[in-house]
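The values are calculated or read from the model by the stated rules, or taken from the named source; none is laboratory data. In this text the structure is predicted, and so the values were computed from the model without any measurement. Using ideal geometry, Cβ is built from the backbone for each residue, glycine included, and neighbour counts are taken over all protein chains shown.
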Amino acid sequence: MDANQPESIIGGKSFTAVAVNCAAKAGEWIKSKMGSITQLDTKYSMHDLVTEVDKGAERMIRNLIVTHFPTHSFLGEEGVEPGPEASAKALQDKSDAEYLWIVDPVDGTTNYVHGFPFFSVSIALAHRGQVIVGVVYDPSKDELFVAERGKGAYVHGRKMQVANESTLSHSLLATGFPADQHVALPANLKSVQALAPKVRNIRVAGSAALHLAYVAAGRLSGFWEYNLSSWDIAAGSLLVQEAGGRMTDITGESYHLGVRNIVASNNLIHNELIEELQAAART
Ligand code: 2AM
Ligand code: CA
């Protein structure tokens with residue numbers, strides 16, 4: 001073994017193996033609990049739900065990660081107070097971490113509660129602020145999306161490649177309706193109104209992480225959403241990049257963990273998509 005090789009490379013395989021193991025275990029458990037929710041709480045607003053399953057799944061994932069990597073840091077949605085300020089501060093507080101696991105135990109909780117089978121477990125590992133492993137697991141379809149930096153993105157062993165649409169008019173996009181009813185929701189409704197006539201169609205399926213995995217898999221040409229948190233995006237960002245896509249914020253700035261207004265695409269439509277989003281924001 002080369003002593004000069006960074007630990008991220010030496011340990012790369014086992015990091016990914018642990019991430020996959022956590023996602024698979026938590027995903028199976030989440031699925032087994034579907035339809036048996038006894039307590040439903042709201043967080044930031046009546047649109048922002050949390051269940052005992054979100055909390056239990058995060059505990060399960062955190063325990064597994066701590067067992068394998070006791071020196072690593074952990075940022076999970078359920079360990080942070082609700083609301084955008086608390087999310088941003090929690091990430092800022094961990095900005096010195098060498099290795100940081102960023103976890104959303106159930107991305108798409110509203111779907112989960114309603115039995116709409118589009119939710120996921122999202123697990124990322126960042127090394128000095130850069131995502132090096134991203135895993136998104138969809139227990140409803142038993143689809144596991146995995147990316148390692150520099151090694152490609154795979155769904156059940158098949159290499160993923162983003163879609164090849166080169167214009168918005170041929171594109172299938174996805175977005176999300178934010179929980180914040182005052183600023184982010186009206187802003188995104190303007191975007192939808194501007195883009196809907198210009199694209200093939202728009203889907204709003206309710207899990208940002210899974211939408212990003214679908215961009216990576218070439219099932220969506222692009223995705224945008226406002227006011228997301230690091231745990232909604234981190235794992236999916238690497239899937240998209242490793243599948244040949246592009247990740248920026250709405251101004252075109254390259255993706256980093258602090259980005260909340262995310263634009264993901266197959267690269268080919270990216271500039272056109274950003275121009276339309278910015279034009280809509282000016283109206
Ligand atoms: P969640 O299910 O983990 O909360 C749906 O548009 C997307 O927005 C989902 O990824 C959902 O993640 C996320 N989301 C829901 N409420 C949110 C909030 N208050 N702040 C940020 N993201 C939220
Ligand atoms: Ca969640």
Region 172-283: strands (runs of 3 or more DSSP E) wholly inside it with 1 or more residues that are under 23 Å from ILE123 (Cβ atoms), within 16 Å of ligand 1 (Cβ to nearest atom) and in contact with a helix residue (DSSP H, G or I) (Cβ under 7 Å, 6 or more places away or on another chain) are 172-174, 222-225, 246-249, 262-265
Given (1) closer than 29 Å to LYS43 by Cβ; (2) at pLDDT 95 or above; (3) out of contact with any His (no Cβ under 7 Å at 6 or more places or on another chain), index of the condition LEU144 fails: (3)
Flagged in region 34-83 as surrounded by 14 or more Cβ atoms within 10 Å (Cβ to Cβ), hydroxyl-bearing (Ser, Thr, Tyr) and away from ligand 2 (no atom under 16 Å from the Cβ), in numbering order, are SER73
Check ALA217, ALA184, ALA179 and return the single one that is of a type outside the set (D, E, K, R) and at pLDDT 95 or above. ALA217
Could you pull out the residue among ALA126, ALA184 that is crowded, with 24+ Cβ neighbours inside 10 Å and either under 25 Å from LEU100 (Cβ atoms) or under 19 Å from the mean Cα position of the chain (by Cα) (or both)? ALA126
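Per-residue answers, yes or no, for (1) within 16 Å of ligand 2 (Cβ to nearest atom); (2) over 17 Å from the mean Cα position of the chain (by Cα):
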residue	(1), (2)
GLY150	no, yes
THR175	no, no
ALA179	yes, no
ASN201	no, yes
LEU220	no, no
SER230	yes, no
Residue identified as part of a helix (DSSP H, G or I), farther than 23 Å from LEU228 by Cβ and of a type in the set (Gly, Ala, Ser) among ALA57, ALA24: ALA24
In the set PRO117, PRO70, the lone residue that is under 20 Å from GLY236 (Cβ atoms) and either of a type in the set (Phe, Trp, Tyr) or modelled with pLDDT of 90 or more (or both) is PRO117
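So that you can scan it fast, the table gives a plain yes or no per residue for (1) touching a residue at least 40 places away in the same chain (Cβ under 8 Å); (2) in the same structural domain as ALA213 (by TED's automatic domain parsing):
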{"site": "ASP138", "(1), (2)": "yes, no"}
{"site": "VAL146", "(1), (2)": "yes, no"}
{"site": "TYR154", "(1), (2)": "no, no"}
{"site": "ALA179", "(1), (2)": "yes, yes"}
Exactly one of GLY206, GLY258, GLY236 is under 18 Å from ALA19 (Cα atoms) and either surrounded by fewer than 24 Cβ atoms within 10 Å (Cβ to Cβ) or within 15 Å of ligand 2 (Cβ to nearest atom) (or both), and that one is GLY236
Can you pull out every residue in region 108-136 that is more than 16 Å from ligand 1 (Cβ to nearest atom) and free of Cβ contacts under 8 Å to residues at least 60 places away in the same chain? ARG128, GLN130
Flag if GLN161 is in contact (Cβ under 8 Å) with a residue 40 or more places away in the chain and out of contact with any strand residue (DSSP E or B) (no Cβ under 9 Å at 6 or more places or on another chain): no
